[in-house]
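Below is one structure; the comments refer to it alone.
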């Protein structure tokens, strides 16, 4: 049976084939949620995925926030309090969720829309759901052999920056941005906070964003010593699969 991944990115729901990375239907925009939206989304999944013998193996959601809390000090009952230490308020109609990252003995705390959680519980109750940042961290820490690499995961209006040193997590941050220039300015401003002898950056994103970042990288003297490897959405899906 063919397999797919359902992805929620800000206001769009995608279902992508795990092998090709292709959309199985036109990305569905969710500006608000009601029974009509629920029924429409169920119909799209039924017609374009289930009836074609394709199994949704996993649900990934992109969050614009993310903090890591060591397991040794983590208290499940206080996840909202941890969240508010970094983010002053919880977005309206969102819930705070936590996911354990075994390889570093820490919890990733983020938020997701209440409707997404309810929809998946009702319609895809056996399908595991993960924050894409958590899944990416798991994969990088499991497979990456780079000594001092920087990983950048571009989402719709935020990006994750993951720094490794000696094959271990050096730091993780989730940062909001408006344009690709914001991403570049952040990198320049934090060059002195990169792992010792950082030599390469691996960037995942949409084709148009990748092109813009590569152009900016080539023009900025401070970044010329960092080797930039870019990977598109298809490669991201295959990496996370």
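The values are calculated or read from the model by the stated rules, or taken from the named source; none is laboratory data. This structure is a prediction, so every number in the text was calculated from the model and none was measured. Backbone-built Cβ (ideal geometry, glycine too); neighbour counts: all protein chains shown.
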> Is it the case that segment 29-36 has a residue that's surrounded by 12 or more Cβ atoms within 10 Å (Cβ to Cβ), modelled with pLDDT of 90 or more and outside any loop (DSSP other than H, G, I, E, B)?
Replying inline: no
> If only one of 141, 187 is surrounded by fewer than 20 Cβ atoms within 10 Å (Cβ to Cβ), at pLDDT below 90 and not in a strand (DSSP E or B), which one is it?
Replying inline: 141
>> If I filter segment 67-92 down to residues being in a loop (DSSP other than H, G, I, E, B) and exposed (fewer than 14 other Cβ atoms within 10 Å of the Cβ), which single residue comes out as modelled with the lowest pLDDT?
In response: 88
> Restricting attention to segment 45-66, which residues are touching a strand residue (DSSP E or B) at 6+ places or on another chain (Cβ under 6 Å) and either surrounded by fewer than 18 Cβ atoms within 10 Å (Cβ to Cβ) or not in a strand (DSSP E or B) (or both)?
Replying inline: 49, 55, 57, 63, 64, 65, 66
>> Only one of 71, 88, 20 is farther than 25 Å from residue 136 by Cα and outside the structural domain of residue 154 (by TED's automatic domain parsing). Can you tell me which?
In response: 88
> Which of the residues spanning segment 12-24 are on the phi < 0 side of the Ramachandran plot and either surrounded by 14 or more Cβ atoms within 10 Å (Cβ to Cβ) or in a strand (DSSP E or B) (or both)?
Replying inline: 12, 13, 14, 15, 16, 17, 18, 23, 24
>> Looking at the structure I just gave you, is residue 95 touching a helix residue (DSSP H, G or I) at 6+ places or on another chain (Cβ under 6 Å), farther than 22 Å from residue 72 by Cα, assigned to a strand (DSSP E or B) and modelled with pLDDT of 90 or more?
In response: yes
>> I'm trying to understand the selection: among the residues of segment 107-121, which are assigned to a helix (DSSP H, G or I) and touching a residue at least 60 places away in the same chain (Cβ under 8 Å)?
In response: 115, 116, 119, 120
>> Being in a strand (DSSP E or B) and modelled with pLDDT of 90 or more is the filter here; which residues of segment 203-227 pass it?
In response: 203, 204
>> Which numbered condition in (1) closer than 18 Å to residue 156 by Cα; (2) surrounded by fewer than 11 Cβ atoms within 10 Å (Cβ to Cβ) is the only one that residue 219 fails?
In response: (1)
